[in-house]
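Please read the structure below before turning to the comments.
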Amino acid sequence: MTEMTERNRPAAASEGAEPIQTRKPTRRGGGDPATRGRTTIADGVVEKIAALAARDMPGVHDLGGGLSRTFGAVRDRVPGGSKATRGVKAEVGEVQTALDLEIVVEYGVSIADVARAVRENVIAAVERMTGLEVVEVNIAVGDVKLPDERDDEPETRLQ
């Protein structure tokens, strides 16, 4: 063997020598992986989470006011249109968010109780899913759904 090969070859275990380390371990990055970059959350993401959390509550018939629901019904028919965030507006900062919701309640429910339940559910869902602190959830009750009242959304012509 050549002299160079002999130098780079690890010593045999029987010789009692420790193996020669040919490469130093490299340390990549600097610190906790969670601190290596920034995560931003779009307003629309928070709006969708809040809308779903609000719709889950008993006593909430729909989100959005009368005009908003009418335009929303038309928008729903357009490919790519969605009612997912209708009636919800979010302002998202780096660590906090504020929400405005407009809801339609069912006739006969306690509006104060429904609003409190919606507020609690929206705050819990948004904070759990985004990690943002919800500083306020403003709720405007825009309408009451009467028992004999039809939904504002037009019927489809196709079956």
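General remarks:
- Meets criteria (in the same structural domain as Ala124 (by TED's automatic domain parsing), at pLDDT below 95, surrounded by 21 or more Cβ atoms within 10 Å (Cβ to Cβ) and outside any loop (DSSP other than H, G, I, E, B)) for Arg69: yes
Residues are listed down the side, and each one gets a yes or a no for (1) in contact with a strand residue (DSSP E or B) (Cβ under 8 Å, 6 or more places away or on another chain); (2) part of a loop (DSSP other than H, G, I, E, B); (3) of a type in the set (Gly, Ala, Ser); (4) modelled with pLDDT of 65 or more:
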residue: Met1; (1), (2), (3), (4): no, yes, no, no
residue: Arg27; (1), (2), (3), (4): no, yes, no, no
residue: Gly31; (1), (2), (3), (4): no, yes, yes, yes
residue: Met57; (1), (2), (3), (4): no, yes, no, yes
residue: Asp62; (1), (2), (3), (4): yes, no, no, yes
residue: Asp76; (1), (2), (3), (4): no, no, no, no
residue: Glu94; (1), (2), (3), (4): no, yes, no, yes
residue: Leu101; (1), (2), (3), (4): yes, no, no, yes
residue: Val104; (1), (2), (3), (4): yes, no, no, yes
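- Counting the residues of region 102-146 that are more than 13 Å from Val46 (Cβ to Cβ), of a type in the set (Lys, Arg) and within 17 Å of the chain's Cα centre (by Cα) gives 1.
- Inclusion of Thr85 among residues that are assigned to a helix (DSSP H, G or I) and either farther than 27 Å from Leu146 by Cα or modelled with pLDDT under 90 (or both) is not warranted.
- Cβ-Cβ contacts under 8 Å between residues 6 or more apart (or on different chains), taken from a first residue in region 137-159 that is assigned by TED's automatic domain parsing to the domain that holds Val60 and hydroxyl-bearing (Ser, Thr, Tyr) to a second residue that is at pLDDT 95 or above and in a loop (DSSP other than H, G, I, E, B), are absent.
The values are calculated or read from the model by the stated rules, or taken from the named source; none is laboratory data. Bear in mind the structure is a predicted one, so any value in this text is a computation, not a measurement. Here the Cβ is made from the backbone with ideal geometry for all residues, glycine too, and neighbour counts use every protein chain on show.
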